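Trainee: Next up is a structure, given as structure tokens.
Read the figures in this text as sums done on the coordinates, not as results from a lab. Treat the numbers as computed from the prediction; the structure is a model and nothing was measured. Glycine gets a Cβ as well: all are built from the backbone with ideal geometry, and neighbour counts include every protein chain shown.
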Amino acid sequence: MAELGLAGRVKKRRRSLPLQGKRPVAPDLVRRKFTAPAPDVAWCGDMTEIVTDEGKLYLATVIDLHSRRLLGYAMDARHDTELVVASLNMATATRGGDVHGVIMHTDRGSEYTSKIFGNACGRLDVVQSMGRVGSALNNAVAEATNSSIKVEYIHRHRFTTRTEARIKIATWITDWYNPHRRHSACDWLSPIDYENRHTATEQQPQAA
């Protein structure tokens, strides 16, 4: 109003919020360094869309950046905060419940910047990290993992119902991806074999 030369009541300034979805966001603690020296140092997560004859299905994943193991996953007809929380809870259960200090890296989608997901991370003592907006490279491992799931399994099958897709995708992850799927980032070992090798190395007695 002042610019127009109009007099009147004083306009109160509103407190500005971050532009990305108008929600506060966590700092990027990963900075495109998608490796970790041990399991449960840093995880990453993302969502992807799956087509079934019954309609769309959304898959949320949580991946360990050390071993590329799919620790948690959840599927539902809606992509919402409950879906990403469910994938985080499964990852936590996979690790026995104690995930104190683990970094959880995601994009800045509304599901991950939500208060509900933030509270879930806080309850588990998980530290949130978020890549900057504008490039898939800021969450490259999660994007690549979901792409691999699609190329190597989902796109090779037709799912009549969402339930069929859930069961078959979960079975493929459990029976094939984690125990057998080899990764260049893991010295061409599977995620579980790579973690087992790390554990065996850590348990070796130190030389005197």
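Trainee: Only one of (1) under 19 Å from ALA165 (Cα atoms); (2) over 10 Å from the mean Cα position of the chain (by Cα) is not met by HIS66, so which one is it?
Mentor: Answer for HIS66: the failing condition is (1).
Trainee: Among (1) touching a helix residue (DSSP H, G or I) at 6+ places or on another chain (Cβ under 6 Å); (2) outside any helix (DSSP H, G or I); (3) farther than 26 Å from ARG182 by Cβ; (4) not hydroxyl-bearing (Ser, Thr, Tyr), there is one condition LYS56 misses while meeting the rest; what is its number?
Mentor: Looking at each condition in turn, LYS56 falls short on (1).
Trainee: Just name the residue that is surrounded by the fewest Cβ atoms within 10 Å (Cβ to Cβ) out of those in segment 166-189 that are over 19 Å from the mean Cα position of the chain (by Cα) and among the hydroxyl-bearing types (Ser, Thr, Tyr).
Mentor: SER184
Trainee: How about segment 69-99: which of its residues are over 15 Å from the mean Cα position of the chain (by Cα) and charged (D, E, K, R)?
Mentor: ASP76, ARG78, ARG95, ASP98 - these are the residues of segment 69-99 that are over 15 Å from the mean Cα position of the chain (by Cα) and charged (D, E, K, R).
Trainee: Hey, can you tell me all the residues within segment 96-109 that are crowded, with 16+ Cβ neighbours inside 10 Å and either without any contact (Cβ under 8 Å) to a residue 60 or more places away in the chain or of a type in the set (Ser, Thr, Tyr) (or both)?
Mentor: VAL99, THR106
Trainee: Right, something else. Taking segment 133-154, which residues are touching a residue at least 60 places away in the same chain (Cβ under 8 Å) and closer than 25 Å to VAL99 by Cβ?
Mentor: Once the filter is applied, which keeps residues that are touching a residue at least 60 places away in the same chain (Cβ under 8 Å) and closer than 25 Å to VAL99 by Cβ, segment 133-154 yields ASN138, ASN139, ALA140, VAL141, ALA142, GLU143, THR145, ASN146, ILE149.
Trainee: Here is a further query. Out of the residues in segment 118-152 meeting the condition of being closer than 13 Å to ASP107 by Cβ and among the β-branched types (Val, Ile, Thr), tell me which one is surrounded by the fewest Cβ atoms within 10 Å (Cβ to Cβ).
Mentor: Filtering first and then ranking leaves VAL133.
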